[in-house]
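Below is one structure, written out as structure tokens; the observations come after it.
The values are calculated or read from the model by the stated rules, or taken from the named source; none is laboratory data. Everything numeric in this text was worked out from a predicted model, so none of it was measured. Cβ: placed from backbone, ideal geometry, glycine included. Neighbour counts: every protein chain shown.
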Amino acid sequence: MSTNLVNPDTADDQELVDRFLSKNRAFLGPDPAIQRNHHVAARSLHEEQVLSAGVDSNLYAEIRSGLRAALDETFKIAEMTVASPAAQCADMSTGYFTAAGDLSLASTRGVAGFTVSLHYPIRFIRKYFEADDTVGIHEGDGFLLNDAHYGGIHSPDQHLFMPIFHDGEIVSWCVCAMHEGEIGARVPGGMGPMIESPWDEGLRGSPIKMVENYALKTDLVTFFQNSCREPQTMLADLKARLAACCRMERRGKEHIARYGIDSIVGFLRSNVEFMRDEGRRRIAELPDGTVRTQFYIDDTMREPALLKVMYCFTVKGDKVIVDLRGSSPELFNRPINSLLSTQVLGVAITLAHHIWPDMPCAQAIIDCFEFITDPGSIADCSDQVPVALCIQPMFKIMTAAELAFAKLYFGAPKKYGKTKAGWFNQPAAIIYGGVTQHQDSCGNMCGDLNGMAGGAKCDEDGEHSIAPCFGANVDIGESEDAEEKLPFIYAISKRIWPGNCGFGKFRGGAAYEYGLMRYGEQPFGFQTFTGGSYFPSTFGLYGGYACPTYGTVRVRGKNLFNVLKETPELFEASMASIMNDRLIEGAEYSSHSMAVAFELYPEGELFMTSQGGGGGYGDVLDRDPEMVIKDLEEGLIRAETASDLYGVVYDAETYAIDEAETAKRRTEILKGRLAQGISWDEFMATRVNPEPPPAVPFFGRWNNSEELYCGPFGKALPSELPPIIMPDPKDVEIQQLKSQLAALQTLS
Amino acid sequence: MKVLATEYLRVDLQKEMWECDRCDHVLGSARENYKRFLLIHDRNPREVHHPLLDPERYRFCFSPDPEVCVIYEFYCPNCGLMMDVEYTVPGHAPLHDLELDIDSLKEKWSGSDLQANSATTAAFRS
Ligand SMILES: [Zn+2]
């Protein structure tokens, strides 16, 4: 570096101007040329030389096994040493990338979604830092990233990138990526309803060189620790990621020494090209056609709203066009906006997890996909709006892709996965923050986020609270483990409640309720940021019903530990009993939406919510009556559902099915349908309205409107959207109360 | 030559018609939205998803809000089979969810036999 040193004051004018223009950029912000391009990079000269000479599949298979073992080894190293509760539940991934940044191979376990979207920052680092003398890329460097505007999913995730060098050239990158959680945002855990601007999102780490000579830089580490609520967790996890990267780099170099550099470079690239070409080949097998899904995000996280998200998948030859136009405009001061890169990521994850489970999870598999959006919408937002809860629209496109490809593949001669209904798709976790019983400050989320239920399949029921929609190989953690570290107990732990699954010929998986009771005197509180309180979040398939809606419920104003001690018979670990029977005198019982702002809870107060069920598959009348009765016995459905919806007649004492009466009731239900159903023309004339209902602010396209509705701000063409700045709900309430007061004063 | 397009709908590729796979009723042109040929019923979601908490006491009772959510049920006009349900906002037009290119379908799937091509689904058809 020292050879280039020149005092700028001694340079000639032209050199000064050239240098100024090349080096001085006002701000190295997110680069649209990088962020809006999910496609595989062109072959490098080296890759071209190696691959044009032919591919030895057996050799590459051997290398793949070796590198995969290295990734699984490093995954385990990180998993065993991290402190973040999410990463301890396997919310992480490790991967090897090509020199240009394309993901070639990811760890078997964990959430591959993390590594899938990390070609963006690698391209950024190479484009802007490699030739910059003040940064550069050297052996033993590590770059940290957490700002989703440069890649990745959302800010609470932190990723460490390490280049692998050979003979002075970058030949690959390795990454350890994970959900860290606490990043010093306005609210604990980096996500929450109260995040109203990008500046509330906490640390916004553009790629930062945090590691030099394989060691963390103490000044930067201290800055990061000093900027968040969990300094010990931050340090432990930085070290865990570094240890994983160091091992990955070592294993990478061992493979280069064993197989030669050409074989490694050739393998990494050919794996990417295989995924790209195989994805395209599979799309070409499908008939041309269009499948449409629309969802409603029913909460801005501060107030109820109907935010439409529209997903239209069109197969044309060997291409897929994903048209997101018609989706809600972005909200300037609410955290539920999503970057285009987040939507693209959602499609890749779904294809790999649900549609082509035999394919690796990488962006390359959707290289033949193109995306069309209204820029400035909730599905392709600008850099000026908060994206802390971008997983809301991201989980929606995941279910949209799941259902779209289920439909496109239904009659296909060759399927790669089983046809099934929508997985549950909300982050239904309680986020906590405050001071623990060990006097540490903390802010993070419960592993219950991963307890989503699976959708019903074409030949069997969905699984109960099995895994999140974004990763098959993760865990929900142990209640006892959380209780030991954090000042609450699971007063209700993983209890199934009747009706929490999508009904159908095959039902969706059920999901559990849980309730946290505060323990101890220290300041400590909870928040949630989930949709689906008014309008179901995930859908069924081919006549199967959706999941129900959810809420958060609380018992406050009383120390329930005293109740448990003095009158244990008054406490039953069931949300419905507690809330409907209201046996505890003096306690305040209330229900709220699934998005509640952070509040402190004193000892003995109870905060309850539920994980979500999967969508159902097929007509309920096709369900085997024996299976209906089994659901009833297991507490998955209510008696009314068995008799009225499924049409099963049974003895209420013995649960013995009356087959003849069941057949009769089912025939009556079929006749009832023919009597109550009306024709398309009559339906369009009598049920369809030119405007959305006034009950709740509506955002997005209504029917085929050219304009997008903007809630309280009228409607506008997508290119002319007004800034949507929502009023503070507390101000709205104060205004209403003032008006009521004024009216009463006038009366008196 | 007939192919399954959904669990309950099949396409006769020669006649280019949608058919009910349960009762063989011919619904209408496969080049049009199949929902146009079905009976539609708008259903209050509370009938399907019973509240867990007392709805008189609690606004959030773990059941969809009928003010913002309605279920459109689509039935075969001949046998009453429920071919699809759509959760939407009251007053919204039904979504044209499935629009297969019939010419492309003929080209790509016409070699395959209905029973063989849907081994999984056909085996579990009651
Ligand atoms: Zn029929």
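Is it fair to say B:A30 is away from the ligand (no atom under 15 Å from the Cβ) and either among the hydrophobic types (A, V, I, L, M, F, W, C) or within 18 Å of A:G677 (Cα to Cα) (or both)? When the stated conditions are applied, B:A30 passes them. Among the residues making up the stretch A:138-162, a single one is without any contact (Cβ under 8 Å) to a residue 40 or more places away in the chain and over 15 Å from the mean Cα position of the chain (by Cα): A:E139.
Only residues that are out of contact with any helix residue (DSSP H, G or I) (no Cβ under 9 Å at 6 or more places or on another chain) and without any contact (Cβ under 8 Å) to a residue 60 or more places away in the chain: list them for the stretch A:200-219, please. Selection gives A:K217, A:T218, A:D219. From the list B:V89, B:V11, the one residue that fits, being within 9 Å of chain A (Cβ to nearest Cβ) and within 16 Å of the ligand (Cβ to nearest atom), is B:V11. Being over 16 Å from A:L645 (Cβ atoms) and touching a residue at least 40 places away in the same chain (Cβ under 8 Å) is the filter; apply it to the stretch B:68-86 and report the residue that is farthest from the ligand (Cβ to nearest atom). Taking the candidates together, the pick is B:D84.
Listed conditions (1) more than 7 Å from chain A (Cβ to nearest Cβ); (2) aromatic (F, W, Y); (3) away from the ligand (no atom under 16 Å from the Cβ) are all met by B:F37, apart from (3).
Let's see how each residue does on (1) within 22 Å of A:G29 (Cα to Cα); (2) touching a Cys at 6+ places or on another chain (Cβ under 6 Å); (3) modelled with pLDDT of 95 or more:
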{"position": "A:P188", "(1), (2), (3)": "no, no, no"}
{"position": "A:P193", "(1), (2), (3)": "no, no, no"}
{"position": "A:L203", "(1), (2), (3)": "yes, no, no"}
{"position": "A:V211", "(1), (2), (3)": "yes, no, yes"}
{"position": "A:K217", "(1), (2), (3)": "no, no, yes"}
{"position": "A:T222", "(1), (2), (3)": "no, no, yes"}
{"position": "A:Q225", "(1), (2), (3)": "no, no, yes"}
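Could you please find all residues in the stretch B:77-86 being more than 7 Å from chain A (Cβ to nearest Cβ) and within 18 Å of B:V3 (Cβ to Cβ)? Across the stretch B:77-86, there are no qualifying residues.
When the stretch B:92-126 is limited to residues that are at pLDDT 90 or above, in contact with an Asp or Glu (Cβ under 7 Å, 6 or more places away or on another chain) and within 7 Å of chain A (Cβ to nearest Cβ), the one that is farthest from A:A404 (Cα to Cα) turns out to be B:S104. Filter the stretch B:14-27 down to residues that are within 11 Å of the ligand (Cβ to nearest atom) and acidic (D, E) and give me whichever is nearest to the other protein chains (Cβ to nearest Cβ). Ranking the qualifying residues of the stretch B:14-27, first place goes to B:D21. Of the helices (runs of 4 or more DSSP H) lying entirely inside the stretch A:567-677, those containing at least 1 residues that are within 30 Å of A:I297 (Cβ to Cβ) are A:575-581, A:625-633. Of everything listed in (1) surrounded by fewer than 20 Cβ atoms within 10 Å (Cβ to Cβ); (2) within 15 Å of the ligand (Cβ to nearest atom), the single unmet condition for B:E47 is (2). Residue count for the stretch A:691-711 satisfying the condition of being farther than 21 Å from A:A379 by Cβ and loosely packed, with under 10 Cβ neighbours inside 10 Å: 1.
Considering the conditions (1) within 14 Å of chain B (Cβ to nearest Cβ); (2) of a type outside the set (S, T, Y); (3) touching a strand residue (DSSP E or B) at 6+ places or on another chain (Cβ under 6 Å), A:L600 is excluded by exactly one of them, (1).
Residues in the stretch A:126-163 that are buried (at least 24 other Cβ atoms within 10 Å of the Cβ) and among the hydrophobic types (A, V, I, L, M, F, W, C): A:F143, A:L144, A:L145, A:A148, A:I153, A:L160, A:F161, A:M162.
Close Cβ contacts (under 6 Å, 6 or more residues apart or on different chains) running from residues in the stretch B:1-29 that are more than 15 Å from B:D103 (Cα to Cα) to residues that are away from the ligand (no atom under 14 Å from the Cβ) and aromatic (F, W, Y) comprise B:T6/A:F410. No other residue among B:Y87, B:Y58 is over 13 Å from the mean Cα position of the chain (by Cα) and either at pLDDT 95 or above or within 24 Å of A:G422 (Cβ to Cβ) (or both) apart from B:Y58.
Each row is one residue, and each column tells you yes or no for (1) in the same structural domain as A:F129 (by TED's automatic domain parsing); (2) modelled with pLDDT of 95 or more; (3) among the hydrophobic types (A, V, I, L, M, F, W, C).
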residue	(1), (2), (3)
A:K23	no, no, no
A:L28	no, no, yes
A:Q35	no, yes, no
A:A69	yes, yes, yes
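Screening B:D65, B:D103 for residues that are among the charged types (D, E, K, R), under 30 Å from A:R554 (Cβ atoms) and away from the ligand (no atom under 16 Å from the Cβ) leaves exactly one candidate, B:D65.
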